[in-house]
Structures are given as C-alpha cells and as structure tokens.
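J.: Here it is, the structure in full.
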Amino acid sequence: MKKKDETVISGTEIEAKELADKLLRYERIFKLNKGGVTFTGGEPLMQADFLLEVLGLIRPQIHCAIETSGYASKLYLGKCL
C-alpha cells in the first residue's frame, strides 16, 4: 500500500531512435495533412539531449515545433532553432 508522502513515477522509458522510428511511420500522413510534431508538456528542454537527438533523426522529413518557456541554456536553444 502506498504511503501518503510516497512519490510514484509513471511512464515508459524510450530511446530517441525508437521514438523517431515511431514518428517516421506517420511521415506520409503528416505531409498529406500539412502537419507535424509538437514537443510540449512540462518543459521539453529539460530533456534537451534526448529532444535534440530525436529532432536530428526526424527533420527534415517531419515538420517539428517546440513549445517551451525558453528557460534553458543558450547552447540548447541555438541547436533547437
């Protein structure tokens, strides 16, 4: 039984290549609908290395956007543009 002050982390760990492969399966649909992928939720730049790796694998095949507060190192911000 979970204690009142116990933190439970949920989700699934995934490698950047695995996520990129899943997204690339829908490349045709994205192009037909003039759509793409938006990385958002919390702060995507908190996992900047992972994000940059995924972006490197899916661009320019898929249009990408990042919704961010911009609170990150200039090193990462420059690479995301």
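The values are calculated or read from the model by the stated rules, or taken from the named source; none is laboratory data. Remember, predicted model here, so these are calculated numbers, not experimental data. Counting neighbours? That spans all protein chains shown, and the Cβs are built from the backbone with ideal geometry, glycine included.
J.: Could you tell me how many of the residues in the stretch 49-81 are surrounded by 16 or more Cβ atoms within 10 Å (Cβ to Cβ), touching a strand residue (DSSP E or B) at 6+ places or on another chain (Cβ under 9 Å) and outside any loop (DSSP other than H, G, I, E, B)?
T.: 7
J.: Spot the failing condition for Ile14; the list is (1) in a helix (DSSP H, G or I); (2) free of Cβ contacts under 8 Å to residues at least 12 places away in the same chain; (3) surrounded by 11 or more Cβ atoms within 10 Å (Cβ to Cβ), and only one is missed.
T.: All conditions are met except number (1).
Each row is one residue, and each column tells you yes or no for (1) hydroxyl-bearing (Ser, Thr, Tyr); (2) touching a helix residue (DSSP H, G or I) at 6+ places or on another chain (Cβ under 6 Å).
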| position | (1), (2) |
| --- | --- |
| Asp5 | no, no |
| Gly11 | no, no |
| Glu27 | no, no |
| Gly36 | no, yes |
| Pro44 | no, yes |
| Thr68 | yes, yes |
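J.: Can you tell me how many residues within the stretch 51-81 are modelled with pLDDT under 95 and either of a type in the set (Val, Ile, Thr) or more than 16 Å from Leu24 (Cα to Cα) (or both)?
T.: Of the residues in that region, 16 qualify.
J.: One residue is enough: does the stretch 32-47 have a residue meeting the conditions in a helix (DSSP H, G or I), touching a residue at least 24 places away in the same chain (Cβ under 8 Å) and under 15 Å from Leu19 (Cβ atoms)?
T.: Yes: one or more hits.
J.: How many residues are surrounded by 12 or more Cβ atoms within 10 Å (Cβ to Cβ) and more than 26 Å from Leu75 (Cα to Cα) when one looks only at the stretch 23-48?
T.: So the answer is 6.
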